[in-house]
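J.: This is the structure, below, for whatever I ask next.
The values are calculated or read from the model by the stated rules, or taken from the named source; none is laboratory data. Because the structure is predicted, anything quoted here is derived from the model rather than measured. When we count neighbours, we look across all protein chains shown, and the Cβ atoms used for this are built from the backbone with ideal geometry, even at glycine.
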Amino acid sequence: MSTASAAQPNSFRTGPDEHGRFGIFGGRFVAETLMPLILEVEKAYAAAKADPTFADEMEYYRAHYIGRPSPLYFAERLTRELGGAKIYMKRDELNHTGSHKINNCVGQILLARRMGKTRIIAETGAGQHGVATATVCALFNLPCTVYMGATDIARQQPNVFRMKLLGAEVVPVHSGTATLKDAMNEALRDWVANVENTFYIIGTAAGPHPYPTMVRDFQSVIGVETREQILAAEGRLPDTLVACIGGGSNAIGLFHPFLDDREVEIIGVEAGGDGVETGRHAASLTGGRPGVLHGNRTYLLQNDDGQIIDAHSISAGLDYPGIGPEHSWLHEMKRVKYVSATDQEALDAFQMLARIEGIIPALEPAHALGYVRKLAPTRAREQIIIMNLCGRGDKDIFAVAERLGTKL
Amino acid sequence: MSTRIEKRFGELRAAGRGGLVVFVTAGDPTYEVSREILLGLPKSGADLIEIGMPFTDPMADGPAIQASSLRALKSGQNMKKTLQLVREFRAKDAATPIVLMGYYNPIYSYGVDRFLADAGKAGVDGLIIVDLPPEEDEELCLPAMKAGLNFIRLATPTTDDIRLPTVLNNTSGFVYYVSIMGITGTRSASDADIAAAVGRLKRHTDLPIAVGFGISTPERAAAVARVADAAVVGSAVVNRIAAALDANGVPTPHAASSALDLVKSLAAGVRAARA
């Protein structure tokens, strides 16, 4: 069993093991009805990974449809303003559909097609993954059903309309607390009932094996490009990487190619909500403990009886009581440091980046920036910090306006 | 030594009839009413009892059992109280098998070893854990068997002949056949499909086969009991409980009797099935 006291591995990049575990985290905790399909997905993904035509297809859509590589941008004004380390931003908000989510959706839908699946389902919180899934379904002409909590539907109307324009059916979920975790429950219920023709495109690096690995692999393009770009720009690796974490797909995508570069400090920023001490937050690693939900063992927000507690965050995309299992492992191995940023810190960072760099970030990476604002001034000017700007903020302007007391 | 479950199926076989397995959620709608229902189940004709351990996120369950789980949690049910309920039942009834059914996290949170010890002492006979497939047997299945509890596995229409031996390995007590692809309390399988599935399972195992999901009437229960060793009814019973709540969710005085009346009619159906 891996625990915090376990020996450091030779490499942090070889996981998971054949049972889909990263240390004790991960696994395949699903109902028997789904198990044969989960095994089939694992087999199909292994075959696709070994097939050069799959890599070629991915490369084609990355270059011509998503618009990769995304720039690595030196935020010069922000750097001057904060007066410390040089700050670079990986501009994944410039991708088609406005976030990193599309990187994964293209990969999974290509896999679904290889498996002969004819119907796609997905869950979504803020709607970014829902929009990205609806987008690839339009592109490949597959029917798409997106489950979304009724609470999230109310606060993310623009993305709901976007998904409908793209031809997806958006199903409101009223069960439980009507947010992301309930949407995931409902998507799993749909999958159990339609397992023969349906592929579930999970949006984050969580769920039963092989999803956490598959999503990580599809998102690792972020870190692979970043590595080349920073070497070209600075002739060396960065000192620090920073990314926000809900389920953790953008973060693991940036982090994974750097995990064995021990000199690179890696920091994940969870959503601190009103502050971790208030209990109203979404910081699973900082404020949770290991448990089993949605197919994997990972850190969860839960009460003493093992009942799942509602997450809280200004960002619907981080509003999830769990986190990808690989992050739980990296946390216990102490390879990645996990911190949190509050709603207010994210909101302040959101406005700051708009005014200083002319970039309106999504509320999710605004959490990463909230932490960078505190970190950069404490570091020497020769140091380099790279943060993942994984989404743009168009979807958030209504929620932010309301929070700032502005009527649109 | 044979377990209560094995003994009960032996008796059913000797009597030449199929059994009735009744599912209720522990603490639904309140601890007191739940205890009243539970204590009334054996004489209402339940041959085996499945007690649901409530969980906030019951991914394989339909709206009826989701709602019952939330009602129970809202009324303050937790794992300790669920085991207490079993203890109280066991003090009054030494013969009817009790199977705890639910999801892994509340057990994992309670601690596997502590849970197995406390469940055994309380008088639990078996476990059905929806989100623990054979691939995760080391988590709870193997320790449970070592502790002398039956670990009952779910087989489904997607469990093909190649996979069945994996599913039937490390299982005991009976096999729970999920007769549809889907969640509890929604669609129903045809008699022909159920008969074919039971026949297929019987070719792979000597364990009794209980069939559940989508069985809500005495007629359906009877049809299943004709071809399987037992019929499992859950959502229909739980719906009876829901229907006996007032506008504020408070149980009316006939909440328990209304659920038990349904069980009596289901039992009558099952008992007449092979007559």
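J.: Could you please give the count of residues in segment B:99-121 that are without any contact (Cβ under 8 Å) to a residue 60 or more places away in the chain and either at the interface with another protein chain (Cβ under 9 Å from one of its Cβ atoms) or farther than 25 Å from A:G27 by Cα (or both)?
T.: Final tally of qualifying residues: 13.
J.: Something else: Checking the structure you have, find out if any residue of segment A:73-81 is within 14 Å of chain B (Cβ to nearest Cβ), modelled with pLDDT of 95 or more and on the phi < 0 side of the Ramachandran plot.
T.: No - not one qualifying residue is present in segment A:73-81.
A quick yes/no check of all residues on (1) assigned to a loop (DSSP other than H, G, I, E, B); (2) under 15 Å from the mean Cα position of the chain (by Cα); (3) without any contact (Cβ under 8 Å) to a residue 40 or more places away in the chain:
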residue	(1), (2), (3)
B:S2	yes, no, yes
B:P29	yes, no, no
B:V33	no, no, no
B:K43	no, no, yes
B:E88	no, no, no
B:A94	yes, no, yes
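J.: Please pick out the residue among A:G107, A:G26 that is within 14 Å of chain B (Cβ to nearest Cβ) and touching a residue at least 40 places away in the same chain (Cβ under 8 Å).
T.: A:G26
J.: Do we have A:Y299 as aromatic (F, W, Y) and at pLDDT 95 or above here?
T.: So A:Y299 fits the description; yes.
J.: Turning to a different aspect of this structure: Consider A:A122 carefully, then state whether it is touching a residue at least 24 places away in the same chain (Cβ under 8 Å), surrounded by 18 or more Cβ atoms within 10 Å (Cβ to Cβ) and in a loop (DSSP other than H, G, I, E, B).
T.: In short, no.
J.: Here are some conditions: (1) without any contact (Cβ under 8 Å) to a residue 12 or more places away in the chain; (2) of a type in the set (A, V, I, L, M, F, W, C); (3) more than 14 Å from chain B (Cβ to nearest Cβ). A:M35 meets all but one. Which one does it not meet?
T.: (3)
J.: Continuing with this model, one more query. Just for helices (runs of 4 or more DSSP H) wholly inside segment A:150-234: which have at least 1 residues that are within 14 Å of chain B (Cβ to nearest Cβ) and touching a residue at least 60 places away in the same chain (Cβ under 8 Å)?
T.: Here the list reads A:180-193.
J.: Could you run through segment B:122-151 and say how many residues are in a loop (DSSP other than H, G, I, E, B) and either at the interface with another protein chain (Cβ under 10 Å from one of its Cβ atoms) or surrounded by fewer than 23 Cβ atoms within 10 Å (Cβ to Cβ) (or both)?
T.: Residues in segment B:122-151 being in a loop (DSSP other than H, G, I, E, B) and either at the interface with another protein chain (Cβ under 10 Å from one of its Cβ atoms) or surrounded by fewer than 23 Cβ atoms within 10 Å (Cβ to Cβ) (or both): 11 in total.
J.: Could you tell me which residue of segment B:152-170 is farthest from B:G102 (Cα to Cα), considering only residues that are within 11 Å of chain A (Cβ to nearest Cβ) and in contact with a strand residue (DSSP E or B) (Cβ under 8 Å, 6 or more places away or on another chain)?
T.: Going through the qualifying residues, I end up with B:L164.
J.: Could you grab me the full set of residues in segment B:62-85 that are touching a residue at least 60 places away in the same chain (Cβ under 8 Å), facing another protein chain (nearest Cβ under 8 Å) and either of a type in the set (V, I, T) or not in a helix (DSSP H, G or I) (or both)?
T.: Across segment B:62-85, the qualifying residue is only B:G62.
J.: When you look at A:V292, is it out of contact with any Pro (no Cβ under 6 Å at 6 or more places or on another chain), within 14 Å of chain B (Cβ to nearest Cβ) and of a type in the set (V, I, T), yes or no?
T.: When the stated conditions are applied, A:V292 passes them.
J.: Just the residues that are in contact with an Asp or Glu (Cβ under 6 Å, 6 or more places away or on another chain) and part of a strand (DSSP E or B), please, taken from segment B:153-185.
T.: Selection gives B:L154 alone.
J.: In this structure, does A:A233 turn out to be over 19 Å from A:R335 (Cβ atoms) and either under 12 Å from the mean Cα position of the chain (by Cα) or not charged (D, E, K, R) (or both)?
T.: Yes: the conditions hold for A:A233.
J.: For segment B:227-242, does any single residue satisfy the condition of being outside any loop (DSSP other than H, G, I, E, B) and surrounded by fewer than 16 Cβ atoms within 10 Å (Cβ to Cβ)?
T.: no
J.: Kindly indicate whether any position in segment A:362-375 is among the hydroxyl-bearing types (S, T, Y) and surrounded by fewer than 19 Cβ atoms within 10 Å (Cβ to Cβ).
T.: For segment A:362-375, residues among the hydroxyl-bearing types (S, T, Y) and surrounded by fewer than 19 Cβ atoms within 10 Å (Cβ to Cβ): absent.
J.: Now for a separate question. Restricting to segment A:154-193, what's the tally of residues that are hydroxyl-bearing (S, T, Y) and either out of contact with any strand residue (DSSP E or B) (no Cβ under 6 Å at 6 or more places or on another chain) or within 15 Å of A:C144 (Cα to Cα) (or both)?
T.: Count: 2.
J.: Condition test on A:A138, is it more than 27 Å from A:G370 (Cβ to Cβ), in the same structural domain as A:V173 (by TED's automatic domain parsing), in a helix (DSSP H, G or I) and not aromatic (F, W, Y)?
T.: Answer is yes for this residue.
J.: Taking segment A:238-269 as the search range and keeping residues that are assigned to a loop (DSSP other than H, G, I, E, B) and either in contact (Cβ under 8 Å) with a residue 40 or more places away in the chain or outside the structural domain of A:L301 (by TED's automatic domain parsing) (or both), which one is surrounded by the most Cβ atoms within 10 Å (Cβ to Cβ)?
T.: A:G248
J.: Got at least one residue in segment B:62-78 being in contact with a Lys or Arg (Cβ under 8 Å, 6 or more places away or on another chain) and at pLDDT 95 or above?
T.: no
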